[in-house]
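S.K.: Just passing along the structure, written as structure tokens.
The values are calculated or read from the model by the stated rules, or taken from the named source; none is laboratory data. Keep in mind that what you see is a predicted model, and the values were worked out from it rather than measured. For neighbour counting, all protein chains shown are included, and Cβ atoms are generated from backbone atoms with ideal geometry for every residue, glycine included.
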């Protein structure tokens, strides 16, 4: 009976916009548990994850009597059509591909909800628990076990059909299903992602120091360590380097769900206008994107870093105003750093004047270092 139901679920999934589906046992993820403990011991965790390792690796703690996990994947785009070009005086930033189009949390939750309703119509007493990204389970570990793809050296699930340009979600269920076979292929001797990581966050194939990862750094709310500021470049949210250099990803990301169609002006926006957005304006323009979840401050801080990276002289007046008038220390201090990168007598004078009035110790340090 369950094999017939499994095939019905697979067929139904194709009608509701699920690109790939797989089935796995709900047994504990014992190998992952040891890896996560090692990550914590080394200080490599980002802090965004569920801190309870048992919850992350034992599905039955999340759903009593769990027997199976259904993993799903939705493909997202890898290329912008007619991307706007940044030029001197109108520099642009960039949101990573995983933030293009509608927030994937909402899209995957919609698919999982429809899948749950279908399953309950077939097995009314079945119990399920779904999650996407922010849930306790490791999406990648579930997807790997369910045969969605293999775990690449870039710490992403790489599928034969869509490369690593996929969003992942899963549903734990009390229904026992025959598990699918994991994909055995891997990266082989290729090490391009490890060698190309701008900050050396990929310690080795399959191991990531999240504290160095640009995708994590761009989401921090406080100051970004100085050694990483220039490496961030014009990234406003996330980083795609380890995906772009992957040979398997070549030609992938051309088929995707319509919700993920990107608006070029949103995902590659002009930097200066970002700095004057109110909370309401930011939410209205960017609120539907996954990259907006931390609010406008990290995005604005990253835009300031990008202007400093470009040494964009036309931004000086705006940055000087932020340095003296903005209520947020992180914005004032980052503006000082950018003004130091741009240079010029007017900017130096503005920093000297700001230094006389500044009371925040971190900002004072930023201004002093920018002046030297």
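Residue by residue, here is whether (1) without any contact (Cβ under 8 Å) to a residue 40 or more places away in the chain; (2) touching a helix residue (DSSP H, G or I) at 6+ places or on another chain (Cβ under 7 Å); (3) within 30 Å of residue 16 (Cα to Cα); (4) in a helix (DSSP H, G or I) holds:
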residue	(1), (2), (3), (4)
224	no, yes, no, no
254	no, no, yes, no
280	yes, no, no, yes
299	no, yes, no, yes
306	no, yes, no, yes
315	no, yes, no, yes
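S.K.: Go through (1) free of Cβ contacts under 8 Å to residues at least 24 places away in the same chain; (2) under 25 Å from the mean Cα position of the chain (by Cα) for residue 163 and report which single condition fails.
M.R.: So the condition that residue 163 fails would be (1).
S.K.: How many residues are buried (at least 16 other Cβ atoms within 10 Å of the Cβ) and either touching a strand residue (DSSP E or B) at 6+ places or on another chain (Cβ under 8 Å) or at positive phi (or both) if we restrict to the range 43-69?
M.R.: Qualifying residue count for the region: 8.
S.K.: Only residues that are under 16 Å from residue 170 (Cα atoms) and touching a residue at least 60 places away in the same chain (Cβ under 8 Å): list them for the range 24-47, please.
M.R.: As a first pass, look at the range 24-47 and keep what is under 16 Å from residue 170 (Cα atoms): 24-29.
Selection gives 24, 25, 26, 29.
S.K.: Does residue 271 meet the test of being buried (at least 20 other Cβ atoms within 10 Å of the Cβ), more than 30 Å from residue 148 (Cα to Cα) and in contact with a strand residue (DSSP E or B) (Cβ under 7 Å, 6 or more places away or on another chain)?
M.R.: In short, yes.
S.K.: Further question on the same structure: Among the residues of the range 93-108, is there at least one that is part of a helix (DSSP H, G or I) and more than 21 Å from the chain's Cα centre (by Cα)?
M.R.: Taking the range 93-108 first, the residues part of a helix (DSSP H, G or I) are 97-99, 104-108.
Imposing the further condition that a residue be more than 21 Å from the chain's Cα centre (by Cα) reduces the set to none.
Checked against the condition, which is being part of a helix (DSSP H, G or I) and more than 21 Å from the chain's Cα centre (by Cα), the range 93-108 yields no hits at all.
S.K.: Give the residue that is nearest to residue 210 (Cα to Cα), with candidates limited to residues of the range 48-60 that are touching a residue at least 24 places away in the same chain (Cβ under 8 Å) and in contact with a helix residue (DSSP H, G or I) (Cβ under 9 Å, 6 or more places away or on another chain).
M.R.: Across the range 48-60, the extreme among qualifying residues is 48.
S.K.: Can you tell me how many residues in the range 200-230 are more than 21 Å from residue 36 (Cα to Cα) and either at pLDDT below 95 or under 16 Å from the mean Cα position of the chain (by Cα) (or both)? Reasoning before the result, please.
M.R.: Here is the first cut: in the range 200-230, the residues more than 21 Å from residue 36 (Cα to Cα) are 218-230.
Then drop every residue that is not either at pLDDT below 95 or under 16 Å from the mean Cα position of the chain (by Cα) (or both), which leaves 218-221.
Total satisfying the criteria: 4.
S.K.: Restricting the search to the range 70-83, which residues are part of a loop (DSSP other than H, G, I, E, B) and surrounded by 15 or more Cβ atoms within 10 Å (Cβ to Cβ)?
M.R.: Those that are part of a loop (DSSP other than H, G, I, E, B) and surrounded by 15 or more Cβ atoms within 10 Å (Cβ to Cβ): 76, 77, 78, 80.
S.K.: List the helices (runs of 4 or more DSSP H) that sit entirely inside the range 319-372 and contain at least 2 residues that are within 32 Å of the chain's Cα centre (by Cα).
M.R.: Numbers: elements: 329-342, 345-357, 361-371.
Helices (runs of 4 or more DSSP H) meeting the threshold: 329-342, 361-371.
S.K.: Look through 200, 147, 188 and report the one residue that is within 27 Å of residue 255 (Cα to Cα), out of contact with any helix residue (DSSP H, G or I) (no Cβ under 8 Å at 6 or more places or on another chain) and surrounded by fewer than 19 Cβ atoms within 10 Å (Cβ to Cβ).
M.R.: Answer to the selection: 188.
S.K.: Okay, next question. Within the range 314-372, how many residues turn out to be surrounded by 18 or more Cβ atoms within 10 Å (Cβ to Cβ) and modelled with pLDDT under 95?
M.R.: Final tally of qualifying residues: 0.
S.K.: Taking the range 115-143, which residues are surrounded by 15 or more Cβ atoms within 10 Å (Cβ to Cβ), at negative phi and under 19 Å from the mean Cα position of the chain (by Cα)?
M.R.: Hits for the range 115-143 are 131, 132, 135, 136, 137, 138, 139, 140, 141, 142, 143.
S.K.: Since residue 112 meets every condition but one in (1) part of a loop (DSSP other than H, G, I, E, B); (2) surrounded by fewer than 23 Cβ atoms within 10 Å (Cβ to Cβ), which condition does it not meet?
M.R.: Here residue 112 clears every test but (1).
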